[in-house]
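Only one structure is covered here, and it is reproduced in the block below.
The values are calculated or read from the model by the stated rules, or taken from the named source; none is laboratory data. Not measured: the values here are computed from a predicted model. Backbone-built Cβ (ideal geometry, glycine too); neighbour counts: all protein chains shown.
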Amino acid sequence: MNATMRAMRLHGPGQPLALDDIPVPHPGAGEVQLRVLACGVCRTDLHVVDGELDEPRLPLIPGHEVVGEVTALGEGVAGLEVGQRIGVPWLGWTCGECEPCRAGRENLCERAEFTGYTRDGGYAEYAVADARYCFPIHDDDAQAAAPLLCAGLIGYRTWRLAGGEANRCLGIYGFGAAAHILAQLAVARGQHVYAFTRPGDDAAQAFARRLGAVWVGGSDETPPQPLDAALLFAPVGALVPTALGHVKPGGTVVSGGIHMSDIPAFPYRLLWEERSVRSVANLTRRDGEEFLALAPEVPIRTETRAYPLEAANQALDDLRQGRLSGAAVLIP
Ligand SMILES: [Zn+2]
Ligand SMILES: [Zn+2]
């Protein structure tokens, strides 16, 4: 194996990623080394690179939708084999001892480490990961599977916390990677999807229609009937009161993103009648196991655009500018 590898690294927030030649990382105890086959580009990567999330590891290899093939096992790894295809998600390590961990809420671990943020991620030819947080991937198409690892998993948790199958009319704000996956799940479950895009974004609206949305409009439009719940995947705080204004009494608005612009003040009557607003933070391994089992049953087909590793800055910019339908995926 080569002693060095190519990696796209962040050296300072707000700077473009640099193509660096660095040593191939070796797996420590409990870790696996993988050859990266595909790594999805998530909006969270954009928040890290743009400096909207505090204190990333520096220099940092971003990327937390990593699909790869195990190339080496560290000491004490059980349950994974060399040659096996695995996925590495955002949740990279938890302590197992803090109060949330002991309560089965490892997504809220006080000392959690995150792939592509506080640990190096998958914008590289090789990566290492704690074996306990990796998922077996059975899809032969690494590029198609990559977006399932965050857009899919976090989207699934967002859908679940909004009430899951119990909702009939489901609004989705921001029709990108997570929304295009969740819409397929919701439609398969007989839910009516109301898709809200950036006003005037014809490509996103056509995309949502193609995936089975019963109604498609701009985020400034009023749906033809009230919603049971709304999922927010756009990082726009003003959408919180907007969505609250469109959900029924008792309805829930759930934000799936890690960062959002400030939420403007709004009148209490929007929250009145037992409406609620909540956020989703990270994922648990159980979310991953449930969702990855469910994805082939639906079946969920991701729509991706491939970029070579060294075009990571272009992929990030296409996401930033809203030029993508579906998900960007880097292929080292
Ligand atoms: Zn913990
Ligand atoms: Zn993500």
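Of note:
- Some residue of the range 45-59 being β-branched (Val, Ile, Thr) and either within 16 Å of ligand 1 (Cβ to nearest atom) or under 17 Å from the mean Cα position of the chain (by Cα) (or both): yes
- Check on THR304, at pLDDT 95 or above, of a type in the set (S, T, N, Q) and over 22 Å from CYS42 (Cβ atoms): no
- Pair list, Cβ < 6 Å and 6+ apart or interchain, from the range 113-125 residues that are within 13 Å of VAL36 (Cα to Cα) and modelled with pLDDT of 95 or more to residues that are of a type in the set (A, V, I, L, M, F, W, C) and assigned to a loop (DSSP other than H, G, I, E, B): ASP120/ILE61; GLY121/ILE61; TYR123/ILE61; ALA124/ILE61
- Some residue of the range 310-329 being under 24 Å from GLY200 (Cβ atoms), touching a Ser or Thr at 6+ places or on another chain (Cβ under 8 Å), hydroxyl-bearing (Ser, Thr, Tyr) and crowded, with 16+ Cβ neighbours inside 10 Å: no
- Filtered residues of the range 168-206 (kept if over 13 Å from PHE233 (Cα atoms), out of contact with any helix residue (DSSP H, G or I) (no Cβ under 7 Å at 6 or more places or on another chain), not polar (S, T, N, Q) and not in a helix (DSSP H, G or I)): ARG168, CYS169, GLY190, HIS192, TYR194, PRO199, GLY200, ASP201
- Of the candidates GLU97, GLU69, GLU106, the single residue that is free of Cβ contacts under 8 Å to residues at least 24 places away in the same chain and either among the charged types (D, E, K, R) or under 16 Å from ARG132 (Cα atoms) (or both) is GLU97.
- One residue from GLY87, GLY92, GLY74, GLY63 being within 16 Å of ligand 1 (Cβ to nearest atom) and in contact with a strand residue (DSSP E or B) (Cβ under 7 Å, 6 or more places away or on another chain): GLY92
- Yes/no for THR242 being of a type in the set (Ser, Thr, Tyr), assigned to a helix (DSSP H, G or I) and crowded, with 17+ Cβ neighbours inside 10 Å: yes
- Residue tally, condition over 19 Å from PRO62 (Cα atoms), of a type in the set (Lys, Arg) and buried (at least 17 other Cβ atoms within 10 Å of the Cβ), over the range 81-130: 1
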